[in-house]
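Quick notes on the structure that follows.
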């Protein structure tokens with residue numbers, strides 16, 4: 001029997017090994033049919049406990065802030081073993097707190113899936129049970145971090161002004177103000193973790209990724225967030241994936257402009273809430 005078929009049949013054993021070594025899974029809120037234009041936000045979270053019927057995971061969050069996912073919300077889960085990935089359907093069946101030697105953490109209880117489906121190498125974000133549509137991210141190497149501060153302040157003012165008016169900025173009218181940066185390259189937002197993001201950088205842009213360097217990023221989550229949001233992050237690790245793209249782990253940087261941190265947290269929470277409200281309405 002091929003190794004990948006064997007792993008698919010014995011996926012519970014793979015899940016158990018992930019839990020035992022303190023590993024994680026990825027999750028996204030499952031979109032409705034009327035949400036085809038909405039991009040998926042994927043979280044990387046640790047598996048805290050397993051039973052025959054449930055998976056307990058740490059509550060998704062960023063920068064020390066947890067984001068609540070309502071009971072009953074359907075999720076798409078992603079389990080990675082080496083270069084292989086599997087998807088499965090699950091839903092939130094409740095919330096809890098998990099006690100560890102490091103403290104007490106808010107957690108989500110998920111229904112144990114009935115099966116998993118292997119993601120093909122060339123379409124690893126799409127299977128018969130669902131697909132993940134990752135947001136595009138515009139990136140620049142940040143040459144002068146201080147020059148980013150006035151642009152971040154202007155971005156916050158623009159977004160808050162649009163929210164107060166109930167308006168959304170048209171992509172045709174985008175005026176991109178930039179700090180002192182290098183050439184632009186594009187990536188995809190692979191996942192969101194506690195202190196940063198994971199980006200998938202295409203092979204042709206690999207030379208733009210330098211360890212330890214700061215980058216300026218522009219994320220577009222319209223219409224939930226009425227204009228693209230901008231922030232600074234530093235590359236902390238990278239590796240080449242099965243498609244010869246670079247997976248880049250980025251840590252958020254708010255040392256120079258700490259008030260921008262609260263603004264970004266609020267916008268991420270707004271996006272997560274909007275997906276759940278739409279789902280209830282549907």
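All of the numbers you see were taken from the coordinates with simple rules; none came from a lab. Fair warning: this is a prediction, and the values are worked out from it, not measured in the lab. For neighbour counting, all protein chains shown are included, and Cβ atoms are generated from backbone atoms with ideal geometry for every residue, glycine included.
Some points to look at:
- Treating r as the C-beta distance of residue 161 and residue 52 and R0 as 41 Å, the FRET efficiency rounds to 0.20.
- Rounded to the nearest 10 degrees, the inclination of helix 259-281 to the longest alpha-carbon principal axis of the chain is 50 degrees.
- Spin-label model distance (nm) - residue 149 vs residue 270, 7 Å beyond Cα toward Cβ: 2.4
- Counting every other Cβ atom within 10 Å of each residue's Cβ, 120, 217 order from fewest to most as 120, 217.
- Among 152, 186, 20, residue whose mean-square fluctuation peaks in a GNM of the chain (springs only between Cα atoms under 10 Å): 20
- If you run the Gaussian network model on the chain, springs between alpha carbon atoms under 10 Å, then out of 93, 18, 157 the most flexible one is 157.
- Angle of helix 148-165 to the longest C-alpha principal axis of the chain, folded into 0 to 90 degrees and rounded to 10: 80°.
- Percent breakdown of C-alpha pair distances by 10 Å bin, ordered from the shortest bin, for the chain: 6, 27, 35, 24, 7, 1, 0
- Our note on the geometry: Cα centres of the stretch 66-117 and the stretch 146-194, 31 Å apart.
- Linear extension gain, residue 97 paired with residue 204, 0.36 nm per residue minus alpha-carbon span: 34.1 nm
- Spin-label pair residue 65/residue 178, simplified geometry with 7 Å Cα→Cβ offset, distance in nm: 2.8
- R0 of 35 Å, Cβ-Cβ distance residue 136-residue 8: FRET efficiency to nearest 0.05: 0.70
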